[in-house]
Amino acid sequence: MKMKSKFLMMMVLSILCLGFVSCSDDDDDKDNSVAAAVSSDYNGTFDVSLNGQKYTNKKVVVTKKSDTEVTLSIAAGEIMEMIPAISASAIISDYDAEEGYYDFEEATLSDVTLAALSAAYITDVAIEGYWEKGEDGKMYLDLTITGTSTQVISGQPMQIPFTVNYKGVR
């Protein structure tokens, strides 16, 4: 009887010990930064005021650079043929994580790649925008990009100002 009692006591203690150590919280690895909340590939439409055309099924890639900074990347020709690749850093200056609203005042152009377009470059680029979580739970990206595209045609530079509005969703 004494042996059964000790065995039963050891089993109860073992179960209690396992109960305390077997459950762990793995939320420590989750990135709760504002940059992580908006980082993703967004698919949407570029509305170009230069020619009044809309370019659908286009992608803007948003990647986390730091807790409050992201990089916006647009591939060459993604907006339209005459606009080369754009990469810009944006610091999220105003946000309300509970409401799902993230804003940046102006992105700083960090790189303009000319790889896909041999004789084109852009200047005076300004990018403004915000992210907003919709009632459907999806994150929406709204951008306005302005600048001047310069193409060299027959040895002569031709400057074309442009405004592009982008609406995308992830």
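Just so you know, all these numbers are worked out from the coordinates, no wet-lab data involved. Since the model is a prediction, treat every value here as computed from it, not as a measurement. Here Cβ is always computed from backbone atoms with ideal geometry, including for glycine, and neighbour counts include all displayed protein chains.
If I ask for residues that are out of contact with any strand residue (DSSP E or B) (no Cβ under 6 Å at 6 or more places or on another chain) and outside any strand (DSSP E or B), which ones from region 87-111 would you list? Matches in region 87-111: A97, E98, E99. Among residues of region 126-137 that are surrounded by 16 or more Cβ atoms within 10 Å (Cβ to Cβ), those with a Cβ under 6 angstrom from a residue that is assigned to a loop (DSSP other than H, G, I, E, B), sequence gap 6+ or separate chain, pair up as K133/G100.
In the set S93, S73, S87, only one residue is touching an Asp or Glu at 6+ places or on another chain (Cβ under 6 Å), of a type in the set (S, T, Y) and surrounded by 16 or more Cβ atoms within 10 Å (Cβ to Cβ); that residue is S87.
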